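Notes follow the structure.
Quick note: the coordinates plus some simple rules give every number you see, no bench work behind them. The structure presented is a predicted model; accordingly, all values stated were derived computationally and were not measured. Counting neighbours? That spans all protein chains shown, and the Cβs are built from the backbone with ideal geometry, glycine included.
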Amino acid sequence: MTTPTRLPDEAPALRVVPMPADSNAYGDVFGGWIMSQVDIAGSVPAHRRARGRVATVAVTNFVFKQPVSVGDLVSFYARVLRTGRSSIVVDVEVYAERRVDGRAKAVKVTEAELVYVAIDASGQPMPLPPELAEGETD
Ligand SMILES: CC(C)(COP(=O)(O)OP(=O)(O)OC[C@H]1O[C@@H](n2cnc3c(N)ncnc32)[C@H](O)[C@@H]1OP(=O)(O)O)[C@@H](O)C(=O)NCCC(=O)NCCS
């Protein structure tokens, strides 16, 4: 018997159920829909870290491991891996929850790594602010 997949303990950056308009005629969700949601989810910790506007500059890894179907509950977990002067590298893991033979099942469906850049009001890269300590607010 295989070990059931557990969702990560932290809160997801985004949780959404794909609709028929997000899929092909067979109910398989478009990869582009997942990529779009991954970009939104990844921008959440990036925006927090930059404490302001960010732009996606690169997608450095993207693997669709399992298909997603209409009606799955899809959760996107995003965390900052590392930062540079203005860049923020974010890892996004995507899980789908569905019912199989009447039982709830979680499946890891996608893994991705994206790079965001902190930008100013004119869209130019700007240095990241110092990281806030745990519990500190600005
Ligand atoms: C993001 C943008 C402002 C960066 O401008 P730029 O002139 O390339 O800036 P820089 O060369 O100074 O690079 C900024 C940072 O991004 C990083 N970066 C740039 N291109 C990268 C790439 N292909 N992969 C990984 N990191 C990259 C640089 O290493 C640098 O990191 P650092 O400051 O931590 O050292 C500019 O490329 C842009 O506006 N792109 C379009 C963004 C966008 O519209 N995204 C939505 C998709 S349509």
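Local charge sum around P67 (other residues, Cβ-Cβ under 13 Å, Lys/Arg +1, Asp/Glu -1)?
Working: positive: K65, R98, K108; negative: D22, D28, D72.
Around P67, the charge tally is 0.
Report, in degrees rounded to the nearest 10, the 0 to 90 angle that the Cα long axis of helix 31-50 makes with the longest principal axis of the chain.
30 degrees
Taking the Cα centre of the stretch 68-138 as the origin, how large is its charge dipole in debye, to the nearest 20, when only Lys and Arg (+1) and Asp and Glu (-1) carry charge on their Cβ atoms?
That gives the stretch 68-138 a dipole magnitude of about 400 debye.
From the Cα gyration tensor of the stretch 14-118, with a ≥ b ≥ c the square roots of its eigenvalues, which class applies: rounded if a/c is under 1.5, or else prolate if a/b is larger than b/c, or else oblate?
It comes out prolate by the Cα gyration axes.
Using +1 at the Cβ of each Lys and Arg and -1 at the Cβ of each Asp and Glu in the chain, identify which of Q66, V115, T83 lies farthest towards the dipole's positive end.
Most positive-ward Cα: Q66.
Starting from the 7 Å offset along Cα-to-Cβ, what nm value, one decimal, do you get for the label separation of K108 and L7?
Simple spin-label model gives 1.6 nm for this pair.
How much length is gained on full extension from T60 to R79, taking 0.36 nm per residue of separation minus their Cα-Cα distance?
Values: separation 19, 0.36 × 19 = 6.84 nm, distance 1.50 nm.
Here the segment from T60 to R79 would lengthen by 5.3 nm.
At 222 nm, what value in deg cm²/dmol follows for the chain if DSSP H runs of at least 4 each add -39500 (n - 2.57) and the sum is divided by all its residues, to the nearest 500?
Values: 1 runs with 20 residues, N = 138.
So the helix-based figure for the chain works out to -5000 deg cm²/dmol.
Net charge around P20, counting only other residues with Cβ within less than 15 Å of its Cβ (Lys, Arg = +1; Asp, Glu = -1)?
Net of charged neighbours comes to -3.
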